[in-house]
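Everything below concerns the one structure shown next.
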Amino acid sequence: MRSRVLVSSLVVMLSSFSVSASNYSEHPKLEPFIQEMVQEHNYDAKFIRDTLAQAERKESILEAISRPAEKVKPWHEYRDIFLTEGREKAGKAFLKAHKATFDAVEEKYGVPREIIAAIIGVETYYGRNTGSFRVIDALATLGFDYPQRSLFYRELKNYFLMVRDDNLDPLEIKGSYAGAMGLGQFIPSSYISYAVDYDGDGKKDLWNNEDDAIASVAYYFKRYGWQKGEPVASSVTLHNADADKYANETLSLKATISEWKKRGVNAPKNVPDQDAALFRFDLEDGQEYWLAYKNFYVITRYNRSSMYARAVYEFSQKLK
Ligand SMILES: [Ca+2]
């Protein structure tokens with residue numbers, strides 16, 4: 001009995017804590033945040049205070065951030081989430097419906113339409129899953145209450161800058177549990193740097209305007225160094241199994257193809273010598289190895305995962 005009483009009083013303490021922490025008007029990190037925004041950006045303190053008083057801490061967000069799919073699933077399961085017939089069909093329809101925009105954007109930015117369409121397909125299934133969390137809740141919860149909060153704390157700052165710059169309502173905007181917004185799931189710093197008003201109506205509408213979203217993803221890839229017409233990656237085999245120990249070391253391109261050859265990788269035919277990284281992907285019955293080049297690296301700038309980049313690239317090949 002004694003231990004049951006102790007347990008139930010602990011439950012009461014925990015639940016009263018979560019009630020008092022359900023909005024951010026009294027959070028210990030609030031005033032330092034406001035002071036930084038005032039000093040760094042001459043921001044209106046009252047606007048931040050009033051906005052964050054209406055933000056809510058969401059336990060579901062803290063739970064979701066702790067289990068990203070890329071870290072848990074092997075490649076063959078990860079791939080099956082994205083490379084589906086339904087998504088492929090939707091991707092081809094999306095390319096067709098926005099052909100004129102893709103023609104112009106491909107010409108302007110030099111990024112293949114299938115890559116842009118693959119990103120939007122993998123991220124949100126062409127707008128079906130853009131996220132149902134209020135971005136203010138996501139970024140306040142993760143920026144103030146997640147142990148590894150520094151990225152989200154910065155993004156909360158960028159979110160306030162973005163809504164001030166573009167006259168948006170910070171309480172209305174929806175996104176993922178991590179604060180990623182619209183068809184291409186841009187976080188606020190990406191919105192500030194890479195969002196494009198393609199149709200020229202004065203709004204960078206990445207939520208409802210597919211043309212703005214297409215141009216914004218293309219501009220993102222261009223700015224990260226997409227190389228028009230260059231290869232993305234090659235499937236390879238090893239002539240020395242020791243090369244495996246260098247696989248998945250880093251997303252950066254640490255060695256040239258000729259150096260990889262010396263380490264035990266069979267060099268791909270028809271690809272000029274250049275910087276490359278080696279990745280191992282786990283199948284149900286064994287492994288596959290890929291040598292990845294600059295354009296593969298650029299895809300990982302969208303989401304820092306070799307499985308993500310491979311899913312986007314393979315999906316783009318299906319959209320051709
Ligand atoms: Ca627009």
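A few notes on this one:
- In order along segment 125-142, phi translates into HN-Hα couplings of 6, 6, x, 6, 10, 8, x, 10, 7, 5, 4, 4, 5, 4, 6, 5, 4, 7 Hz, rounded to whole numbers, per the Karplus curve 6.51 cos²θ - 1.76 cosθ + 1.60 with θ = phi - 60° and x for Gly and Pro.
- The charge dipole of segment 180-320, taken about the Cα centre with unit charges on the Cβ atoms of Lys, Arg (+1) and Asp, Glu (-1), comes to about 500 debye, rounded to the nearest 20.
- Across q = 0.09, 0.10, 0.13, 0.14 Å⁻¹, the chain modelled as identical point scatterers on its alpha-carbon atoms has Debye log10 I(q)/I(0) values of -0.56, -0.68, -1.02, -1.11, in the order of the q list.
- Packing rank of 308-316, 150-158, where each peptide gets the mean count of other beta carbons within 10 Å, highest leading: 308-316, 150-158
- Size descriptors for segment 281-320 (Cα atoms only): Rg and Dmax, in that order, 10.8, 30 Å.
- Isotropic mean projected area of the C-alpha convex hull, segment 55-145 (nm²): 7.9 nm²
- Spatial offset of segment 72-119 relative to segment 198-219 amounts to 16 Å, using the alpha carbon center of each.
- Of the three principal axes defined by the Cα atoms of segment 200-274, the extents in descending order read 57, 24, 17 Å.
- Rg/Rg_ref, segment 233-318, where Rg_ref = 2.2 N^0.38 Å and atoms are Cα: 1.01
- Cross-link pairs Lys73/Lys99; Lys58/Lys92; Lys89/Lys203; Lys99/Lys203 - those with Cα-Cα distance over 25 Å: Lys73/Lys99; Lys58/Lys92; Lys89/Lys203
- Cut-off under 5 Å, modelled amide H: who pairs with Ala255 long-range: Ala276
- 0 to 90° range, to nearest 10: angle between helix 150-165 axis and the chain longest Cα axis: 80 degrees
Computed from the coordinates by the stated procedures, all read-outs in this text should not be read as laboratory data. As the structure is a computational prediction, the values presented were derived from the model and not from experiment. Cβ coordinates were reconstructed from backbone atoms using ideal geometry, including for glycine residues, and neighbour counts include every protein chain displayed.
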